[in-house]
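Enquirer: I'd like to ask some things about the structure below.
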Amino acid sequence: MALTAQQESDLLAMLDAYKTGEQIDDLPAATTDATDKKIEVFDTKSGASQCMDLTAAVDMANAPWCGRVWRTDLGTPTASTYCGSLEMLKNLKDILGLGAYLVKNDHSRRKLDPTNHYRFANGETAKLDGSMGHYQWGWGKPFYYARWTQGVLEFEAVSLYPIKGQYNYRIPVGSLSATGLAALDRDTDTLVSYINDDVKYRGGNNTAGWDDTYRSLLGHCATNRNTAQFAAAAHKNGAGWLAGTMRAAAVVKILVEIVMGTRNVQAAYNANKDANGLYQGGFGTGVTNWDWISWGNHNNYNPILHMSAGVDMADGLGVKEIPVTNADGTTVFTAKVPVFFGLKNFFGYIWRVSEDELGEANADKSMKHWVTPSIYGTYTYGSTAGMVLKSTSPIASGFIVKMSYENLEMWPTQSGGTESTYQSDYFYNNGGVSSGFRAVFRGANTNNGGHAGCGAVNVNNAVTNANAYLGSPLCDFAEEFSLEPEYYAVA
């Protein structure tokens, strides 16, 4: 087909431009009297060439960040895409140092071998019985977390450096019980993260008569104490040691949803990565779907798992099936323990106390959320002295549609979803029954099924509540953990 006169002219012009085009060394040197310069970048995700501010490009290269993006106009709990550095997101576990550690009361810590928690990373033997420290799961470096919206897009991102142009929360080095819940040294009344079958660490409600039976509580997590009692036992380890905390729960939820790309932690487990090499899917039901009557008949709602359950997966990611047997050895329930880079039972199984937050049911049926501004503060659980008021939740119990991530609250602000939409976790709130202070429990129970999850919250109980299915992780923070974000401007 013959070219038109105009096409011939355009073609000749392009050839002339190609022949006379300047090489990069032929261009005039850029001045430094202005910072609003642009460069061309290639987006490997879309395959498109794009324009980018030079300062933003330098920041991303020197201080990379990564995260996920959700669509706020859709009900899906699955992220729509990733944001920031793909390579960082693919390697976030190693970059943050996620995994199991042995942590001493002075907060010094040694990383356990990522393939075997019974030895250190250098090959030396490690003991999880308390003789070498607390068996904890955590992160080995402080990092920053930011969350922002652009139209219908909601971004969540983490970095080892402040993310410019956003409000950042600094997450100090910290950890929580690697088994998901802690034991109790009954001789000293100290909360500990040990795997130890000695009678002084007997778990549950401390029923000694079950020691030589299928219902033995030796080596199980401690339960049947209220929040204040768990907190006092945790504090005996020293400053920076706490019972279950909103702070630790928030970090786990943030990391799980950024790494896995979903807020539905009970979505089916998928061992395959997506086309970008990223993790996808959830961890299945977890230890959540044994019916209430069968559990009660088995051991009166005490913990059903030895604290060693899942330890053989080391810093792996997946699901470990553990049979629960009766007196004749018959399996009566198969517990599917979720494991996130070595953290076991981070949702479901046993409700967890949270000592740095408090609910308050009011006459108008709203539920206020009080939190402690400092991990070193002095306060009495059940009183708002020394605490600050943050979000207010709706009265209705139900699946969570929206949560406040501000101040790392992870506090429900709208219900009405389902177990496979939005946040996918349940909010237990009977605030209309009576006014007064309420304990805050997180994670859910062995019988709660699809209601369980990293964001599940229960404010149905008085602050003095204690029962056989209420426990606590032991949390450790090496320094102050502020809930106030700091804005970092773009240079």
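Enquirer: Can you run down the residue pairs with Cβ atoms below 6 Å, 6 or more apart or on separate chains, where the first is in region 124-145 and over 18 Å from W241 (Cα atoms) and open to solvent by 50 Å² or more (accessible area, probe 1.4 Å) and the partner is among the acidic types (D, E) and assigned to a strand (DSSP E or B)?
Expert: Going by the 6 Å Cβ cut-off, there are no qualifying pairs.
Enquirer: Among the residues in region 298-306, are any open to solvent by 20 Å² or more (accessible area, probe 1.4 Å), within 24 Å of D425 (Cβ to Cβ) and of a type outside the set (A, V, I, L, M, F, W, C)?
Expert: Yes, region 298-306 contains a residue that is open to solvent by 20 Å² or more (accessible area, probe 1.4 Å), within 24 Å of D425 (Cβ to Cβ) and of a type outside the set (A, V, I, L, M, F, W, C).
Enquirer: OK, next. Against the conditions (1) at pLDDT below 95; (2) in contact with a Pro (Cβ under 9 Å, 6 or more places away or on another chain); (3) of a type outside the set (A, V, I, L, M, F, W, C); (4) not in a strand (DSSP E or B), where does N407 fall short? Just the number, please.
Expert: It fails just one condition, (1).
Enquirer: Can you tell me which residue in region 65-100 is nearest to K164 (Cα to Cα), limited to those that are touching a Ser or Thr at 6+ places or on another chain (Cβ under 6 Å) and open to solvent by less than 50 Å² (accessible area, probe 1.4 Å)?
Expert: If we take residues in region 65-100 being touching a Ser or Thr at 6+ places or on another chain (Cβ under 6 Å) and open to solvent by less than 50 Å² (accessible area, probe 1.4 Å), then W65 is nearest to K164 (Cα to Cα).
Enquirer: What do you reckon, is K104 open to solvent by 70 Å² or more (accessible area, probe 1.4 Å), in contact with a strand residue (DSSP E or B) (Cβ under 6 Å, 6 or more places away or on another chain) and at pLDDT 95 or above?
Expert: Here the answer is yes, as K104 does meet what is asked.
Enquirer: Scan region 220-236 for residues that are over 16 Å from T372 (Cβ atoms) and surrounded by 22 or more Cβ atoms within 10 Å (Cβ to Cβ) and report the count.
Expert: Residues flagged as over 16 Å from T372 (Cβ atoms) and surrounded by 22 or more Cβ atoms within 10 Å (Cβ to Cβ) within region 220-236 amount to 6.
Enquirer: Identify the single condition in (1) open to solvent by less than 20 Å² (accessible area, probe 1.4 Å); (2) in contact with a His (Cβ under 9 Å, 6 or more places away or on another chain) that S424 does not satisfy, given that it satisfies every other one.
Expert: Exception for S424: condition (2).
Enquirer: Considering only region 427-439, how many residues are open to solvent by 30 Å² or more (accessible area, probe 1.4 Å) and in contact with a Lys or Arg (Cβ under 7 Å, 6 or more places away or on another chain)?
Expert: 1
Enquirer: Could you please let me know if I258 is closer than 30 Å to E480 by Cβ, touching a residue at least 40 places away in the same chain (Cβ under 8 Å) and touching a strand residue (DSSP E or B) at 6+ places or on another chain (Cβ under 7 Å)?
Expert: The answer is yes for I258.
Enquirer: Within the bounds of region 460-480, is there any residue that is among the hydroxyl-bearing types (S, T, Y) and open to solvent by 10 Å² or more (accessible area, probe 1.4 Å)?
Expert: yes
Enquirer: Could you check how many residues of region 224-246 are assigned to a helix (DSSP H, G or I) and either touching a helix residue (DSSP H, G or I) at 6+ places or on another chain (Cβ under 6 Å) or of a type in the set (F, W, Y) (or both)?
Expert: Qualifying residue count, region 224-246: 1.
Enquirer: Checking the conditions here, which among G359, G417, G386 is more than 27 Å from A267 (Cβ to Cβ) and either without any contact (Cβ under 8 Å) to a residue 60 or more places away in the chain or in a loop (DSSP other than H, G, I, E, B) (or both)?
Expert: Exactly one of G359, G417, G386 is more than 27 Å from A267 (Cβ to Cβ) and either without any contact (Cβ under 8 Å) to a residue 60 or more places away in the chain or in a loop (DSSP other than H, G, I, E, B) (or both), namely G386.
Enquirer: Kindly state which strands (runs of 3 or more DSSP E) lie completely within region 122-187 and contain at least 2 residues that are out of contact with any Ser or Thr (no Cβ under 8 Å at 6 or more places or on another chain).
Expert: 143-150, 153-159, 166-171, 174-177
Enquirer: Check T413, T392 and return the single one that is under 21 Å from the mean Cα position of the chain (by Cα), open to solvent by 40 Å² or more (accessible area, probe 1.4 Å), closer than 20 Å to S366 by Cα and not aromatic (F, W, Y).
Expert: None of the others qualify; the one that does is T413.
Enquirer: Filter region 341-367 for residues that are surrounded by fewer than 24 Cβ atoms within 10 Å (Cβ to Cβ) and closer than 30 Å to D94 by Cβ and give the result.
Expert: Matches in region 341-367: F341 only.
The values are calculated or read from the model by the stated rules, or taken from the named source; none is laboratory data. Bear in mind that the values here come from a model prediction, so they are computed numbers and not experimental data. So basically every Cβ, Gly included, is an ideal-geometry build from the backbone, and we count neighbours across all protein chains shown. For the accessible areas, the whole protein counts, side chains as well, though only heavy atoms, and no ligand, DNA or RNA atoms are used. Shrake-Rupley method; radii C 1.70, N 1.55, O 1.52, S 1.80 Å.
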